[in-house]
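See structure below.
The values are calculated or read from the model by the stated rules, or taken from the named source; none is laboratory data. What you see is a predicted model; the values in this text were computed from it and never measured. In this analysis, Cβ positions are derived from the backbone assuming ideal geometry, glycine residues included, and neighbour counts consider all displayed protein chains. The protein model used for the area step is the full one, side chains on, heavy atoms only, and it has no ligands, DNA or RNA in it. Shrake-Rupley method; radii C 1.70, N 1.55, O 1.52, S 1.80 Å.
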Amino acid sequence: MHALAFLEPGHFHATLTLREANPRVSPEISVYAAAGPELDDFLALIDRFNRRAMRPTRWRPRVQVGDDPLARLLADRPPDLVVLAGRNGGKARVIRHLHDAGLHVLADKPWLVRPRDLDDIRASLGAAPIAREMMTGRRDAVARLVKRLVDDPVLFGGFASTATPAIEQESVHHFEKHVDGAPLRRPWWYFDSRVQGGGAVDIPTHLVDQAQWLLHAEPRPTSRPPTLIAARGWSTRVPLEVFGRVTGTRPVPPDLRPGVVGDSLRVFCNAELTYSLAGVTARAVTRWEISTPPGGGDTSRLVLHGRAALVRVEQSAATGFQRRVTVETRGDAAATARALDAALPAVGAELPGAAATPRGPGVHEIVIPAGLDPGHEAHFAELLDETLDWIDAGHFPAAVAEQTLAKYALLADAAAATAADEAAGR
């Protein structure tokens, strides 16, 4: 049975790994943290999991409170796997300390906040034990559907290398939102790019990971590394009233006061990156807005340009804030329809009930039955379970480690390229 430790759990992703009971994990979990609201929120969410009417868990946190949680954890050495999801500034160095101590690590993104973090990341990914990102996007049903579509050589025809870009990614997130049906409280440092990470390294960790997966872009001795073409960053002005409501912190802490402009806080959280990966150009845009609109949620757009067809995924007010997948022909509409008919049986084997519906000349919507995917919050427990599989098998996923390092090398360049934008207060 595996023993888990949670080190300074300041982000709700840490708690989501415990959303479901796991028979391979001891119900007694170790928690090392400083006293404060972040620890309180972590324990409160665990208590909600334990008390819920449906599928209650039975976690028993053993909490060690102190000023140097990392030193206490390393001295105790109770776990074989440490879950790390909290402050991102300094995270790369903490992962390296845990890795050097022989502990497996499952850590939330981003690992890199400043370009110098890359050296620690490289050391942690070079050999066992496992250091793995808490990256859930590839487990999503829509993502798996899209992967099936672009991998079909007849339907999609491979990425159109002449398109600029061939991969278009856009996402909009909100500081004020709900998780597990309750308002999400964020720590005050979430609004500090030196701690959370700026727009060039936070959400883009997901988007670049998605592009790597879609392109089979695993590093090889002869492959070209991802190359940054251009990057820019800018801020969102968060009203101080919203900051206080989301964080429960009033007034604004001293570390954030240089970013206060009138009655708002300047948060350097947005970015646009253009980069080359496996011979294909990609563009990623990430933005943060204030509050989730009534009845709405985060929005996103993904457009993949193939030689034979275009695949589009959109989630917005126009789609009822549900993701809509469409395939659009780039030439012979009848040939695209035939190729889609031929591809659907293979798609249905993985995603039962997936079906295509015509939406206009040369346009087909691919519908996945409701309930086929348990949702984003459930994927964290699945990721923990897969990591335990690797540990039990003595497997070190070298290809995953190499791909993670290649991604962070690209993001280090993006962080350096947008530093002037941040310094200028954009």
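Dividing the mean sequence gap of close Cα pairs (under 8 Å, 6+ apart) by how many residues the range 323-426 holds gives a relative contact order of 21 percent.
Taking every lysine pair in the chain that is 8 or more places apart or spans two chains, those with Cα atoms closer than 21 Å amount to 5.
Take every pair of alpha-carbon atoms less than 8 Å apart whose residues are at least six positions apart; their mean separation over the length of the chain yields a relative contact order of 19 percent. Membrane-span-like helices in the chain (whole DSSP H runs, Cα extent of at least 27 Å along the helix axis, mean Kyte-Doolittle hydropathy of at least -1.0): 398-423.
If you count the DSSP beta bridges with both ends in the chain, what percent of them are antiparallel, to the nearest 5? Here the antiparallel bridges make up roughly 65 percent for the chain.
The Cβ shell under 11 Å around VAL242 holds other residues with a net charge of -1, Lys and Arg each +1, Asp and Glu each -1.
Peptides 168-174, 50-56, 65-71 ordered by packing proxy, namely the average of other Cβ atoms within 10 Å per residue, highest first: 168-174, 65-71, 50-56. Determine the shape class of the range 282-346: with a ≥ b ≥ c the square roots of the Cα gyration tensor eigenvalues, call it rounded for a/c under 1.5, and otherwise prolate if a/b is greater than b/c, oblate otherwise. Prolate. Rolling a 1.4 Å probe over the protein chains gives LEU228 an accessible area of about 40 Å². With a simple spin-label model that places each label point 7 Å from the Cα along the Cα-to-Cβ direction, the separation between ARG307 and LYS177 comes to 3.8 nm.
Given the chain reduced to its alpha-carbon atoms as identical point scatterers, what log10 I(q)/I(0) does the Debye formula return at q = 0.05, 0.06, 0.07 Å⁻¹? Scattering profile of the chain, log10 relative to I(0): -0.17, -0.25, -0.35. Convex hull volume per residue, computed on the Cα atoms of the range 32-83, equals 85 Å³. Counting charges near ARG96 (Lys, Arg +1; Asp, Glu -1) among other residues having Cβ under 11 Å from its Cβ returns a value of -1. Solvent-accessible surface of the chain, averaged per residue with a 1.4 angstrom probe and all protein chains in place: 43 square angstrom. I'd like the accessible area for SER30, computed on protein heavy atoms only with a 1.4 Å probe and all protein chains in place. Round to 10 Å², please. That residue has around 10 Å² of solvent-accessible surface.
From a point 7 Å beyond the Cα of ALA349 in the direction of its Cβ, which residues of the range 136-173 have a backbone N at a distance under 16 Å? In the range 136-173, the label zone of ALA349 (backbone N under 16 Å from the point 7 Å along Cα→Cβ) covers 145, 147-154. With contributions of -39500 (n - 2.57) from each DSSP H run of at least four residues, the per-residue ellipticity at 222 nm computed over the chain stands at -10000 deg cm²/dmol.
Of the accessible area of the chain, computed with a 1.4 Å probe over protein heavy atoms only, carbon and sulfur atoms account for 52 percent.
Centre-to-centre, using Cα atoms only, the range 1-75 and the range 306-321 are separated by 38 Å. Count the net charge of all other residues whose Cβ sits under 9 Å from the Cβ of SER300, scoring Lys and Arg as +1 and Asp and Glu as -1. Local charge sum for SER300: -1.
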